[in-house]
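Working notes, beginning with the structure itself.
The values are calculated or read from the model by the stated rules, or taken from the named source; none is laboratory data. Given the structure is predicted, the values throughout are model-derived calculations rather than measurements. A quick note on method: Cβ atoms are made from the backbone with ideal geometry, for glycine too, and the neighbour counts reach across all protein chains shown.
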2 protein chains.
Amino acid sequence: MSAPHHFRSAFVPHDLPEPLAGASQGPLAGLTAAVKDMYDIAGMCTGGGNPDWLAAHRPPLADAAAIRKLLVAGATIIGKTVCDEFFFSVTGANAHYGTPVNPRAPGRLPGGSSSGSAAATAAGACDLALGSDTGGSVRVPAAFCGVYGIRPTHGRIDMAGVMPMAPSFDVPGWFANGPGVFRRVGEVLLEGGGVREKPRQLIILDDAFAEADAEVASSLRAAIAAMASDLPETIHETVAPGGFDPWRESFRIIQAREIWSIYGPFVERHQPKLGAGIRERMAFAATVSERDADMARQEQKRARERICTLVQPGTVLALPTAPCIAPRIDTGAEALESFRVRVMRLTCVAGLSGLPQVTLPVGSISGCPVGLSFIAWHGGDEALLDLAVQLARHVGGVSDPRPK
Amino acid sequence: MSAPHHFRSAFVPHDLPEPLAGASQGPLAGLTAAVKDMYDIAGMCTGGGNPDWLAAHRPPLADAAAIRKLLVAGATIIGKTVCDEFFFSVTGANAHYGTPVNPRAPGRLPGGSSSGSAAATAAGACDLALGSDTGGSVRVPAAFCGVYGIRPTHGRIDMAGVMPMAPSFDVPGWFANGPGVFRRVGEVLLEGGGVREKPRQLIILDDAFAEADAEVASSLRAAIAAMASDLPETIHETVAPGGFDPWRESFRIIQAREIWSIYGPFVERHQPKLGAGIRERMAFAATVSERDADMARQEQKRARERICTLVQPGTVLALPTAPCIAPRIDTGAEALESFRVRVMRLTCVAGLSGLPQVTLPVGSISGCPVGLSFIAWHGGDEALLDLAVQLARHVGGVSDPRPK
């Protein structure tokens, strides 16, 4: 199987006929943005990665709140990006539109579900891009495509006009190539609820590092060492004493229950064509009962208590964004499933707790990007963005010497 | 020979102790910038890529004009970047400080002389970076590192406080990861003399494309095809009917004469250690007479007349930024010399004519970036930056599918 090799593959076929110009003044004036095809743009159908959904729905009358904020802040929207169907994957493969090319790791998956937004940013097609993150959909493609990405505190960004996935976990998020632009978008999109505190302690999550491939872990440890002069006091800790799997499983059950409650009726009525992986997960989602979800919510509560006890205001966690570099595009279904399991062990920490997480493009392995993540306290988004700007100057030489 | 594998390798050892904060308001507020170690920063010695020069000079009392403008516009200067010694190379190899890692093509040269600025930008260490361009020193590393880069119209940006190289050709220039940031820096740095005109005609320089490797040429042709909807009427033309070599040679002679007139006295008095390539070129520069330079200036005049006749306001030229992808870091001296000759055939067009040129990161070959260049009329910098923003949305899917 060879990679899709066509132009503008980060963008959907039903893209904007021309860019949507933002205000001439404002904090993002002159910058360009791509947006995941789950944000409403007035008069344009929203696809959510699935052509049958696209065909079955009328164009929205209003822009999503986040789109409006970008436009008012001066950004120009240049296009709508491909994403995984119903946002129900972290690979970035889309059976209908083709898989966006990963510009930093050709022949490998871009990560998903905000695949096209990450790919467009990495390619330099735009200055920033909107995505969304439920179970890793900003963090994973940001890491795989070598750009900055954030999953903000749950509830701090207006979801009006954004297709939901699993509302207990859904957050809008964004990508940027440069640290200053990355932070500036936060100044535009983050609503109230910020808890401003300076990071005083960094906790390196040893159990999260243990989930990563040895090369990834050692590359990220080297990155942390290089950042030492700008890091607070650092300690090591285990976040999930009982292992990540009970947490991951609770996330999986709640997510499945919620996505089915939202898209189940459509799936049953319209029988949309679904790509491999999505199809199986949607079928599984149909089988999850409210009782299953309630039990999972008990586990979520325990996880959240543990995580939030660790992450008091002033404390930041460090962990690998993903346990590996981007899988090759020809990776088989079984390997992709175990990839998904490994990824979700790490991404469920912020997902279940609702805490904010940023990923920084700190290096590469065999030319493929790796991301280092920081999780902060509830409302610590601004502190994370400040930290990203502060640490960015250390990423200049983090790389591996192997020729490609 | 293995690549240098250390952190912050894009930055010099005598770097800023901490970032230099810009104004809190302004068009670049919140953005971060790296600067080539040829721009004066008050109180910090300026190195020009050579430790002996660094040691022999006192710290400047004032910031370079461009540094001041960035700070007043709100950018924070995060560090000083490694460059080729006395800016006298396009490879990016520095024998003293190590060669900055090319974050987009590990194991390959970053291009030079503004190597660290391009590498820092590509790594996401900053939102933008200052470089300078005499014979390709912004354009080549921008292409090799996969970022946006500009050589502005000669004379449109204040060179006060910037180390010269060959004043007939020297211009400050800059790099950015995103198109909007790329343009915004121009709004801050460009002085008067802009000639605002909309591109009405694009001339594809067939003889310039013929200088490029077949894969590079075909990748760039595909990029142009993908951009068709946003390009003006397109024709094909030959810019140098007598071939590029007489032009390149005239550039080489004038450049050598000028660099020797500036750095010759220092080289003779201090006998600085010079890296391979630089040493030979500096020795050659010592042998070039004013008479040689005068004859070369006659050739430059002819070249400029030919080029400027072609590039009337409203006309833009398209050409490969470089004829090849970045050479591997272990490339031998002889191969590097012929690489240099090939590069200069293309870069001398804007160099000799003083016209502005932008390079866009439009794709990759075997995972290594390639750049597409546009040259505009004298004062057409703003039009080129607008064009870059307009065309950027087409770069999202330009890539090759080979796994790495």
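Mind listing just one residue for me: the one in the stretch B:55-91 that is outside any strand (DSSP E or B) and of a type in the set (Ser, Thr, Tyr) and, of those, nearest to B:Met44 (Cα to Cα)? Applying the filter and picking the extreme gives B:Ser89.
Does A:Ser117 meet the test of being under 23 Å from A:Arg183 (Cβ atoms), among the polar types (S, T, N, Q), crowded, with 24+ Cβ neighbours inside 10 Å and touching an Asp or Glu at 6+ places or on another chain (Cβ under 7 Å)? Please lay out each step first, then the result.
Working: under 23 Å from A:Arg183 (Cβ atoms): yes; among the polar types (S, T, N, Q): yes; crowded, with 24+ Cβ neighbours inside 10 Å: yes; touching an Asp or Glu at 6+ places or on another chain (Cβ under 7 Å): no.
So A:Ser117 does not fit the description; no.
Can you spot a residue in the stretch A:41-58 that is in contact (Cβ under 8 Å) with a residue 24 or more places away in the chain and within 14 Å of chain B (Cβ to nearest Cβ)? Scanning the stretch A:41-58, I find no residue that is in contact (Cβ under 8 Å) with a residue 24 or more places away in the chain and within 14 Å of chain B (Cβ to nearest Cβ), so the answer is no.
Applying a threshold of 7 Å to beta carbon distances and a minimum spacing of six or more residues, or different chains, the list of pairs starting in the stretch B:290-310 at a residue that is without any contact (Cβ under 8 Å) to a residue 24 or more places away in the chain and ending at one that is of a type outside the set (A, V, I, L, M) is empty. Scanning the stretch A:375-404 for residues that are modelled with pLDDT of 90 or more, within 14 Å of chain B (Cβ to nearest Cβ), assigned to a helix (DSSP H, G or I) and in contact with a Lys or Arg (Cβ under 8 Å, 6 or more places away or on another chain) gives A:Glu382, A:Leu385, A:Asp386, A:Ala388, A:Val389.
Within the set A:Leu71, A:Leu61, the sole residue that is without any contact (Cβ under 8 Å) to a residue 40 or more places away in the chain, surrounded by fewer than 24 Cβ atoms within 10 Å (Cβ to Cβ), farther than 20 Å from A:Ala276 by Cα and not polar (S, T, N, Q) turns out to be A:Leu61. I'd like to know if the stretch B:2-11 contains one or more residues that are in a loop (DSSP other than H, G, I, E, B) and more than 9 Å from chain A (Cβ to nearest Cβ). Within the stretch B:2-11 (the criterion being in a loop (DSSP other than H, G, I, E, B) and more than 9 Å from chain A (Cβ to nearest Cβ)), the answer is no, since none of the residues qualifies.
Only one of the numbered conditions (1) surrounded by fewer than 20 Cβ atoms within 10 Å (Cβ to Cβ); (2) more than 14 Å from chain B (Cβ to nearest Cβ); (3) in contact (Cβ under 8 Å) with a residue 24 or more places away in the chain; (4) over 24 Å from A:Pro60 (Cβ atoms) is not met by A:Gly155, and that is (4).
Is at least one residue of the stretch A:101-114 buried (at least 24 other Cβ atoms within 10 Å of the Cβ), modelled with pLDDT under 95 and of a type in the set (Gly, Ala, Ser)? Yes, some residue in the stretch A:101-114 is buried (at least 24 other Cβ atoms within 10 Å of the Cβ), modelled with pLDDT under 95 and of a type in the set (Gly, Ala, Ser).
Do we have B:Val239 as touching a Gly at 6+ places or on another chain (Cβ under 8 Å) and modelled with pLDDT of 95 or more here? No, not satisfied. Picking from residues in the stretch B:80-120 that are within 14 Å of chain A (Cβ to nearest Cβ) and of a type in the set (D, E, K, R), the one that is farthest from B:Ala33 (Cα to Cα) is B:Arg108. Checked against the criterion of being in a helix (DSSP H, G or I), surrounded by fewer than 19 Cβ atoms within 10 Å (Cβ to Cβ), touching a helix residue (DSSP H, G or I) at 6+ places or on another chain (Cβ under 6 Å) and within 14 Å of chain A (Cβ to nearest Cβ), the stretch B:204-215 has no qualifying residue.
Restricting attention to the stretch B:104-118, does a residue exist that is touching a residue at least 12 places away in the same chain (Cβ under 8 Å), among the charged types (D, E, K, R), closer than 21 Å to B:Ile259 by Cα and part of a loop (DSSP other than H, G, I, E, B)? Taking every residue of the stretch B:104-118 in turn, none turns out to be touching a residue at least 12 places away in the same chain (Cβ under 8 Å), among the charged types (D, E, K, R), closer than 21 Å to B:Ile259 by Cα and part of a loop (DSSP other than H, G, I, E, B).
For the stretch A:316-342, the set of residues classified as farther than 19 Å from B:Gly367 by Cβ and in contact with a helix residue (DSSP H, G or I) (Cβ under 6 Å, 6 or more places away or on another chain) consists of A:Leu319, A:Pro320, A:Thr321, A:Ala322, A:Pro323, listed by residue number. Within the set B:Pro172, B:Pro164, the sole residue that is surrounded by fewer than 24 Cβ atoms within 10 Å (Cβ to Cβ) and touching a helix residue (DSSP H, G or I) at 6+ places or on another chain (Cβ under 9 Å) turns out to be B:Pro164. Looking across B:Ala75, B:Ala64, one residue alone is farther than 20 Å from B:Ala142 by Cα and either of a type in the set (Lys, Arg) or away from chain A (no Cβ under 14 Å) (or both). It is B:Ala64.
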